[in-house]
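The values are calculated or read from the model by the stated rules, or taken from the named source; none is laboratory data. Predicted, not measured: the structure shown is a model, and the values here were computed from it. When we count neighbours, we look across all protein chains shown, and the Cβ atoms used for this are built from the backbone with ideal geometry, even at glycine. Side chains included, ligands, DNA and RNA excluded: accessible areas come from the protein's heavy atoms. Shrake-Rupley method; radii C 1.70, N 1.55, O 1.52, S 1.80 Å.
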Amino acid sequence: MPITHNTAQVKKINVELVKNTLKAAGTGTKASIANMTRLSVATCGSILNELVRSGEVIELELEESSGGRPARQYMFNADYACVLCLMVKTEGGRHSITYLIVNLAGDQVEEGTRHFDHIDADTIHSLVGELAGIHRNVKAAGIGIPGVAHRGVIGICDVAALAGVPLGEQLSEKHNMDIIIENDMNATVYGFYQLQNLEEDQPFAVVTFPDNHFPGAGFIVNGRMVTGSTNFAGEISYSPLGLSREEQLERLHNKDTFVSVAAHMLASIITVLNPVSIAVTGDLTHPSMTEELLDGCRQYIPEEHLPALLIKNNTQEEYKTGLTALTLESLTYRLQLVERK
C-alpha cells in the first residue's frame with residue numbers, strides 16, 4: 001500500500017531537511033540548499049524566510065557575485081535553543097547528578113556535577129528549574145537514570161526514591177519543555193555507536209558491572225537502540241542463572257566467582273544478538289580480565305562467533321555523547337518510512 005502524507009507532515013519533513021542540510025553545510029544560499037535537498041528554490045526560500053523570522057536561521061551578507069545577481073547567504077543558528085542533560089548516578093553510597101547544557105550543534109555551553117545526600121523527584125525538579133532559569137532558551141531535557149523508564153514513568157531504579165515516579169509528565173508540565181527519560185546503559189551504548197562510527201548493520205552491545213548494584217546492558221541493532229516493548233531490554237540481572245538475586249550480587253562482588261557469572265551473561269547476549277563487539281564497563285571490571293572473560297565465553301560459544309571484547313571502566317564521555325544526541329533528536333520531527341518486503 002503506498003505511503004501518503006498530509007500537507008502538514010510534508011512541510012515538517014521539508015523544514016527538518018533544510019535545517020539539517022544547513023547545519024551540516026555551515027552556510028548556504030537558497031539555490032545551494034535546493035540543490036542539496038532536491039527541493040525547489042521556491043520551497044527552500046519560503047522555509048528559510050520562516051526560519052529567519054523565528055531566529056533559527058541567520059541571514060548573512062550577500063554572496064560575492066561572479067557576474068550575476070549576488071545571492072543571500074544563510075547560516076543555521078546553533079544558539080537559537082539549547083538542551084539540558086542530567087545524568088543521575090548512585091554508586092557505592094554516593095549520589096550525584098552531572099549536568100550539561102548543549103546548543104543545537106552539540107557544542108557544550110556549561111557542565112557541572114552536584115553531589116547529594118539523597119536524590120528524589122524534588123531534587124531533579126529543583127535542578128531543572130534552576131538551570132532553565134539561567135539558560136532561558138532550554139527547549140528539552142534528557143534525564144539519564146540507572147533504571148527502567150517507560151513513557152516517562154520510572155520503574156526499577158537504583159535510586160529507590162525515583163521508582164514508580166511519573167517524572168517525565170511532572171517535569172514536562174512544571175517546566176514546559178520536551179522531556180526524555182532514558183536508561184543510562186541505553187544512552188551509553190548510543191554514545192559508543194556515535195563515537196566509534198560503527199557500520200549501521202553491525203549489532204553492538206555495552207554491558208556494565210557496577211559496584212553495589214546489579215549489572216545492566218544496552219544494545220544497538222541496525223543503527224537503533226533496542227529497548228523492548230516496555231524498555232526492559234538489557235536488564236540482564238534478571239537472566240535465569242539458577243541463582244537468587246542475592247546470590248548473583250554476592251558472586252559478582254567476589255573476585256573468585258565474578259568471571260564465571262559475567263561470562264555466562266555475556267554468552268547469553270552473544271547467542272541472542274551475535275554482536276560484532278561488546279564493551280564491558282563498571283567498577284567491578286578491569287582490562288586485565290579480557291582473556292579470562294573470553295575464555296569463560298568459549299565454554300558456551302564457538303570461537304568463530306565470539307565478538308571483540310573491550311573493557312573500559314570510564315564511559316562518562318560515551319554516556320554524555322549518547323544522552324546529548326538523544327535529547328537533541330527529541331527536538332526534531334522524524335517520520336520513519338519503512339518498506340516491508
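Neighbours of residue 134, meaning other residues whose beta-carbon lies under 15 angstrom from its beta-carbon, give a summed charge of -1 when Lys and Arg score +1 and Asp and Glu score -1.
Per residue, the average separation of C-alpha pairs within less than 8 Å and at least 6 apart gives the range 115-251 a relative contact order of 17 percent. Only Lys, Arg, Asp and Glu carry charge here, each on its Cβ (+1 for the first two, -1 for the last two); on that basis the range 93-185 has a dipole of about 120 debye about its Cα centre. Placing a pseudo-label 7 Å from each Cα along the Cα-to-Cβ vector at residue 134 and residue 170 gives an inter-label distance of 2.3 nm. Can you give the Kirkwood hydrodynamic radius of the range 20-171 from its Cα pairs, in Å with one decimal? Hydrodynamic radius (Kirkwood, Cα only) of the range 20-171 equals 18.3 Å. Based on alpha-carbon atoms, the Kirkwood radius and the radius of gyration of the chain give Rg/Rh equal to 1.04. Relative to the first principal axis of the alpha-carbon coordinates of the chain, what is the inclination of helix 7-25, with its axis defined by its Cα atoms, in degrees from 0 to 90 and to the nearest 10? Here the helix axis deviates by roughly 80 degrees. Helical runs assigned H by DSSP (4 residues or longer) give the chain a calculated mean residue ellipticity at 222 nm of -11500 deg cm²/dmol, each run adding -39500 (n - 2.57) before division by the residue total. Near residue 159: Cβ cut-off under 13 Å, other residues only, Lys/Arg at +1 and Asp/Glu at -1. The net charge is -4. For the range 79-148, trypsin sites (Lys or Arg not before Pro) are listed when DSSP marks them as loop and at most 16 other Cβ atoms sit within 10 Å of their Cβ; the list is 136. If only the Cβ of Lys and Arg carry +1 and only the Cβ of Asp and Glu carry -1, the dipole of the range 21-173 around its Cα centre is close to 560 debye.
When chymotrypsin sites (Phe, Trp or Tyr not before Pro) are flagged only if DSSP places them in a loop and at most 15 other Cβ atoms lie within 10 Å, the longest unflagged stretch of the chain comes out as 1-231. For the range 88-140, the relative contact order comes to 25 percent (Cα pairs under 8 Å, sequence separation of at least 6).
Taken over the range 205-339, the percentage of Cα pairs per 5 Å bin, counting from 0 up to the bin with the maximum distance, is 2, 9, 18, 22, 20, 14, 7, 4, 3, 1, 0. Computed with a 1.4 Å probe over protein heavy atoms only, the accessible surface of the chain comes to 52 Å² per residue.
Local charge sum around residue 231 (other residues, Cβ-Cβ under 13 Å, Lys/Arg +1, Asp/Glu -1)? Combined, the nearby Lys, Arg, Asp and Glu give -2. Magnitude of the charge dipole for the chain, about its Cα centre and with charges confined to Cβ atoms of Lys, Arg (+1) and Asp, Glu (-1), is about 1360 debye.
Cross-link pairs exceeding 30 Å in C-alpha to C-alpha distance, out of 23/312; 139/312; 11/139, comprise 23/312; 139/312.
Largest first and in whole Å, the equivalent-ellipsoid semi-axes of the range 216-290 read 22, 16, 11, each the square root of five times a Cα gyration tensor eigenvalue. In the range 69-222, what percent of the accessible surface is made up of carbon and sulfur (1.4 Å probe, ligands and nucleic acids excluded)? Answer for the range 69-222: carbon and sulfur cover 42 percent of the accessible area.
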